[in-house]
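Following: one structure in structure tokens, then a few remarks.
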Amino acid sequence: MSLLEKVRPGRPAAPPGEPRPTGRRGGSIRAGDLVWRYLLLLAVLALTVGPFLWQLSTSLKGPTEDIYSSTPTFLPSHPTLHNYARVADTIPVWDYVLNSLKVATANVVTNCVGSALAGYALARLHYRGRRAATLVFVLAMLVPVEGIVIAQFTTMRELGLNNTLVGVVLPGAVGAMNVLLMRNAFRKLPYEIEEAAYVDGADVWQRFLRIALPAAKGTLAVVAIFAFMGAWDDFLWPLIVLSDPSKFTLTIGLNYLHGTFAGDERLVAAGTVIAVAPLIALFACLQRYFFRGVGEGAVKG
């Protein structure tokens, strides 16, 4: 008799080599509970991924296929990429993609650099007002964007940055949430490591660049993903600050596509897929850092 059978005689031992699903406390999960969990996961998957798959299917359907039939078909009978070519012929979509890429890349760089520096200062440096500065970042997260958009527009106008991509980037250059994520990631670093580096003669910049920053690269990937998504998907602020069509971002350009060809959902679906594809590619490249970084920079109550 095995040791497990001696301790728990009423529970049969699992066959060797066959894993058994366990719960949070290590106990086995009943088959009914396991089925409900998988059904719930499938329902969430259908709600989140289903609309995108439907848009992808619609974008691949030709003009002869009825997308408004009473019994809709998910798979196109004759897949075609002609709708994507029509999007490029209708609006300068690749120019809009380039503008969005410029804004998103600049937003990623400024957020990664700024949030890393501010987070390290809040977590590791000792000075008066550190708690008050942390409280300011927490309160900044509570202010809705719509409440300060007029002040931001006035500031950009006074600086002469209206109708420029710099004016689109500047208000979101450093996000308060990103700073707090980096702060919590740096706080988990043991002080003994930095103290040993200080004894060896390392200054603040060396401790930041060689010790703290490599230890928080997972959270830095999370900040990069959030910054890219926020800049790529932003619609309200670029719509307010930009007036030259040659400087429009992709979200504004797709809005013109939808307004001009509201009856042709195939074009709208193709434009939507073009807008979502870079986000999927970015997350696919950084997913292993993302899940690790969420735990590093989790905000604890």
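The values are calculated or read from the model by the stated rules, or taken from the named source; none is laboratory data. Everything numeric in this text was worked out from a predicted model, so none of it was measured. Counting neighbours? That spans all protein chains shown, and the Cβs are built from the backbone with ideal geometry, glycine included. Note: accessible area is taken over every heavy atom of the protein model, side chains too, but ligands, DNA and RNA are not part of it. Shrake-Rupley method; radii C 1.70, N 1.55, O 1.52, S 1.80 Å.
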Keeping to region 192-202, report how many residues are surrounded by 10 or more Cβ atoms within 10 Å (Cβ to Cβ) and assigned to a helix (DSSP H, G or I). 6
Residues being among the aliphatic types (A, V, I, L, M) and buried (at least 17 other Cβ atoms within 10 Å of the Cβ): count how many of those fall in region 230-281. 14
Restricted to region 53-86, and to residues that are among the hydrophobic types (A, V, I, L, M, F, W, C) and within 17 Å of Leu267 (Cβ to Cβ), which residue is surrounded by the most Cβ atoms within 10 Å (Cβ to Cβ)? Leu60
I'd like the residue in region 139-162 that is open to solvent by 60 Å² or more (accessible area, probe 1.4 Å) and β-branched (Val, Ile, Thr) and, out of all such residues, is nearest to Ala185 (Cα to Cα). Val143
In this structure, does Thr105 turn out to be open to solvent by 60 Å² or more (accessible area, probe 1.4 Å) and either modelled with pLDDT under 85 or outside the structural domain of Ala227 (by the TED database) (or both)? no
Residue among Ala132, Ala123 that alone is of a type in the set (Gly, Ala, Ser), surrounded by 13 or more Cβ atoms within 10 Å (Cβ to Cβ) and assigned by the TED database to the domain that holds Ala221: Ala123
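Quick grid of which residues meet (1) within 25 Å of the chain's Cα centre (by Cα); (2) hydrophobic (A, V, I, L, M, F, W, C):
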| site | (1), (2) |
| --- | --- |
| Ala151 | no, yes |
| Thr155 | no, no |
| Thr164 | yes, no |
| Asp203 | no, no |
| Ala216 | yes, yes |
| Met229 | yes, yes |
Which condition number does Asp89 fail, the rest of (1) within 29 Å of the chain's Cα centre (by Cα); (2) loosely packed, with under 11 Cβ neighbours inside 10 Å being met? (1)
Which one of these is more than 23 Å from Asn184 (Cβ to Cβ) and in a helix (DSSP H, G or I): Leu220, Leu254, Leu213? Leu254
Would it be correct to say that Asn178 is surrounded by 15 or more Cβ atoms within 10 Å (Cβ to Cβ), assigned by the TED database to the domain that holds Ala227 and touching a Cys at 6+ places or on another chain (Cβ under 9 Å)? yes
